[in-house]
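Report on the following structure.
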Amino acid sequence: MITLVRRVTAVCLLGTALTACAATVQPAPRTARPAPSATSAPPTLAPGPGGLTPVFRNGSRVHGRTAALTFDADMTADQGARAAAGEHFDNPGLISALRALKVPATVFMTGRWAEEYPDQARSIGRDPLFEVANHSYSHYAFTDDCYGLPRVSADRMRADVERAYSAFRKAGVPDARPYFRFPGGCYDRQALRELTPAGVTAVQWDVVSGDAFATDAEAVARQVLEGVRPGSVVVMHCTRSAAPTTERVVRTVVPRLRARGFRFVKVSELIGS
Ligand SMILES: [Zn+2]
């Protein structure tokens, strides 16, 4: 396990374009806002102290065996030339596997990814099995020193998040969720403050799959199986380029977790419960 953790840490340091790494601030537990009556508005958390953007890390540990698989559809704003040269930042096989296995999932999509793959973005966004959430437009970092990612300046943070929602709408995603995952999972008080007007709930995770740049699907699957507890949020990726084992990992862990009594849910269900 220590070797595994070391391997994951090394992968995170190398993985400048991917998330899957530790957060800089641990959120305090918060209470979910009651769902508004007679509407289907997705549940969000109440703002944190001082009106800061609230942070969600995992769901209830005592309300049944539910777990949320989340997939970051990473594409950094400057990777267009690599996509044009044939690099695949998408992973249609993974999405097909989730559909075949009937696994509800939350896809944290970058706006740049939705621009590159509008048909897939629309298809995911219109499939009730999935929900689309926001992983920024640019996949640039919202703090200093975030795995080598370029930095979004504070005065551009909200605009970067809103630009992603615009890209989703343009691709035909009807109702992207007000959930935001910081690139690299890196945030601080300033970032939480800058995003307050955007009205999003920041979503971190409690289980790092380690799928970023992994080549050993069994090792990643083992890490997920060892980490998942009731209410867990698992971070994985939806990009063949930098997470090539993820489809195989999903095909391995889903039946095993179901055999342990787990039911897969979207992040919105964990936040609302
Ligand atoms: Zn990411």
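Placing R0 at 41 angstrom, the Cβ-Cβ distance between Arg65 and Arg156 gives a FRET efficiency of 0.50 after rounding to 0.05. At q = 0.12, 0.14, 0.16, 0.25 Å⁻¹ the log10 of I(q)/I(0) for segment 197-273 amounts to -0.36, -0.48, -0.61, -1.22, computed by Debye summation with a single uniform scatterer per C-alpha, solvent ignored.
Per Stokes-Einstein, at 4 °C and 1.567 mPa s, what whole-number D in µm² s⁻¹ belongs to the chain, with the Kirkwood radius over Cα pairs as the hydrodynamic radius?
Details: Rh = 18.3 Å.
Once the numbers are plugged in, D ends up at 71 µm²/s.
With R₀ fixed at 30 Å, the C-beta to C-beta distance from Leu225 to Ser273 puts the FRET efficiency at about 0.85. Packing here is the average count of other Cβ atoms within 10 Å per residue, and on that basis the peptides 74-80, 183-189, highest first, run 183-189, 74-80. Legend: ranking of residues Ser123, Ser136, Ser273 from fewest to most surrounding C-beta atoms inside 10 Å; resulting order Ser273, Ser123, Ser136. Using the Stokes-Einstein relation with a Kirkwood hydrodynamic radius computed over Cα pairs, the translational diffusion coefficient of segment 98-192 at 20 °C and a viscosity of 1.002 mPa s comes to 158 µm²/s.
With +1 on the Cβ of every Lys and Arg and -1 on the Cβ of every Asp and Glu, and nothing else charged, how large is the dipole of segment 60-272 about its Cα centre, in debye rounded to the nearest 20? Please report the intermediate quantities before stating the final value.
Details: 28 positive and 25 negative charges, 177 e Å.
Around 860 debye, computed over segment 60-272.
Would you mind computing the Rg to Rh ratio of segment 189-236 from its alpha-carbon coordinates, Kirkwood style for Rh? So for segment 189-236, dividing Rg by the Kirkwood Rh gives 1.16.
Helix-only estimate, please: 222 nm mean residue ellipticity of the chain, summing -39500 (n - 2.57) across DSSP H runs of length 4 or more and dividing by its residues, to the nearest 500. Each step should come with its number before you reach the end.
Numbers: 10 runs with 94 residues, N = 273.
When only DSSP H runs of four or more count, the value is -10000 deg cm²/dmol.
Quick note: the coordinates plus some simple rules give every number you see, no bench work behind them. A quick note: this is a predicted structure, and the numbers were derived from the prediction, not measured. Heads up, the Cβs are rebuilt from the backbone with ideal geometry, glycines too, and the neighbour counts pull from every protein chain shown.
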